[in-house]
Amino acid sequence: MRALIVDPDAPGSLRLGTAAEPVPAPHQLMLEVRHISLNRGEVAFAGQRPPGTVHGHDAAGVVARAAADGTGPAAGTRVVAFGAGAWAERMVVDTTAVAEVPREVDLADAAALPMAGITALRTLQSRSILGRRVLITGAAGGVGRYAVQLAALGGAHVIASAGSAARAGGLAGLGADEVVIGLDGIDRPVDLILDNVGGPQLAAAWKLLAPGGVSRTSGGRPASLPCSSRTRCSPSVRPRR
């Protein structure tokens, strides 16, 4: 089957090639992949994977073969999946790592959900956000846009930070109570930071944390944070790969 495989000698360490057909375990289904999503970290660090590896985690498609143990969706079901080896014509995935896609949702849109959506969700689940002030930097990106919507649904006061006015468009419509460029105009402490930028902006945002506030990052440029008992800092909360 055709697949995007790791090749250290190829540009970006990825090339279109062929791979062996995957063999499902009893608790796994076979997915006919229709659409995939490429995430920044996967592409940036592809060269760290063994040569020949079928790369990728996010895919959407149709169940070609249901799991032998009887769990999960039946053959023919449209699903979105999160698992290793997604960037291929077919992949095997645990039945606990798929979700049925409603008919009104395009599979191409669904494919962009798993890694970015789970990252945003897990970050926001790190503490109660009801009535809290939540700052989301890099809010115009994939993780950021999911986080804005989820935080708004969770009852937070959402401050969405974007890199420019052009990129900030549409964030208010997703549920942001405040939309700022960089950190301009934030004049009150925040309880939770979901950072997607890193570097000097993360260091500056840290200073906005209220006592007991939490700062989490989903990746970006390195930053030096003077963490203390007043605030808690956490590394990336991306799903384990």
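Every number in this text was worked out from the coordinates using simple rules, so none of it is lab data. Only a predicted model underlies this, so the values are computations on that prediction, with no experimental measurement involved. Cβ coordinates were reconstructed from backbone atoms using ideal geometry, including for glycine residues, and neighbour counts include every protein chain displayed.
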Within the set of other residues whose C-beta is less than 15 Å from the C-beta of V80, count the net charge using Lys and Arg as +1 and Asp and Glu as -1. -4
Please state the shape class of the stretch 4-130: rounded when a/c is under 1.5, otherwise prolate if a/b exceeds b/c and oblate if not, all from the C-alpha gyration tensor. oblate
Counting other C-beta atoms within 10 Å, which of I136, I129, I181 has the fewest, and how do the rest follow? I181, I129, I136
Counting only DSSP beta bridges fully inside the chain, the antiparallel percentage to nearest 5 is 60 percent
Could you check the simple spin-label distance between L121 and F45, using points 7 Å along Cα→Cβ, in nm with one decimal? 2.2 nm
Residues with beta-carbon under 11 Å from that of A25, excluding A25: net charge, scoring Lys, Arg +1 and Asp, Glu -1? -2
Label zone at L183, where the point sits 7 Å out along the Cα-to-Cβ direction: the stretch 83-126 residues whose backbone N lies under 16 Å: none
Would you mind getting the Kirkwood hydrodynamic radius of the chain from its Cα pairs, rounded to one decimal in Å? 19.1 Å
Working from Cα positions, state the angle (0 to 90°, nearest 10) between the long axis of helix 142-153 and the longest principal axis of the chain. 60 degrees
Where does the charge balance sit around A151 when Lys and Arg score +1, Asp and Glu -1, over other residues with C-beta under 15 Å from its C-beta? +2
